[in-house]
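Below is one structure; the comments refer to it alone.
FYI, it's all coordinate maths here, none of it is from the lab. Just so it is clear, the structure is predicted and the values come from calculations on it, not from any experiment. Glycine gets a Cβ as well: all are built from the backbone with ideal geometry, and neighbour counts include every protein chain shown.
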Amino acid sequence: MNIAPTSFPEVETVADLVAFQAAVRPNAIALASTNRVWTYRELDERASALADMLRILGVGPEVVVGLCMPRSPTMVVGALGILKAGGAYLPLDPAYPAARLAVLLEDGQVPAVVTGELIMERLPRGIYHTILLNDLGRVADFPALGQCIPAMAAATPKNLAYVIYTSGSTGQPKGVEITHESLLNLVHWHQQAFGVKSADRASQIANVCFDAAVWEIWPYLASGASVHFAEEEPRR
């Protein structure tokens, strides 16, 4: 199949594309689960609040932040918040053995992990901040709340967007670093190849630590479409 060369809009990151959708269609459904729906305005506001917190902690371009949350709309808030801060997210499956989580956190040299209250106890001890998001995607009480938000350099297309580790079946897990430029290329190709429109509804079924989750989420949110999280039983 031949795909015409991608024509990039005047944006730097996928977070810019999602912010644009929040500006032009704030009340459209961005995320949906069995319990509730999230509008683009809600998604953008919650992610921006998280981004402010991360900037206070020094997160910016080339800083990798752990994202240890189950498949859920709140997980997307966490990923988008990290991107908005200029950082790169490192997905961590809460079901991973503690030893694997420890290896990934140490190798990724993360200064912070975005997670949930019930998951926090599973995380190995380490020198990093833990930022809790509740089920509504709001940042829980944190000592840094209320501090002045520092001005940070914005991420460029050449900066990291996310890091996904290999399974490690042939030895030590290895982190694969993906830039914003590469992510934008995937998003635009996917939009063209599948004719993604704002009226579309996509199912999110892949584990966040599997790169298939990337094209189940970002091409659709960048298009103003909605991403629906299937329940665990039918997903299996």
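Worth pointing out:
- Phe194/Val24 FRET efficiency (R0 22 Å; Cβ-Cβ; nearest 0.05): 0.55
- Global form of the stretch 80-236, assessed from the alpha-carbon gyration tensor, a/c cut-off 1.5: rounded
- When the helices of the chain are scored as -39500 (n - 2.57) per DSSP H run of n ≥ 4 and the total is divided over every residue, the value at 222 nm lands at -10500 deg cm²/dmol.
- Residue order, fewest to most beta carbons within 10 Å, for Tyr40, Tyr165, Tyr220: Tyr165, Tyr40, Tyr220
- Neighbourhood net charge (15 Å Cβ-Cβ; Lys/Arg +1, Asp/Glu -1) for Tyr165: -3
- Sorted ascending by nearby beta carbons within 10 Å, beginning with the fewest, Ser226, Ser33, Ser167, Ser203 become Ser167, Ser203, Ser33, Ser226.
- Cα centroid separation, the stretch 168-212 to the stretch 42-99 (Å): 16
- Anisotropy class of the stretch 50-167 from Cα gyration tensor, a/c 1.5 cut: oblate
- Dipole magnitude for the chain: computed about the Cα centre from +1 point charges on Lys and Arg Cβ and -1 point charges on Asp and Glu Cβ, it is near 200 debye.
- Prolate/oblate/rounded label for the stretch 50-95 (Cα gyration tensor, a/c 1.5): prolate
- Charge dipole of the chain about the Cα centre (unit charges at C-beta), most positive-ward option of Gly81, Tyr96, Ala202: Ala202
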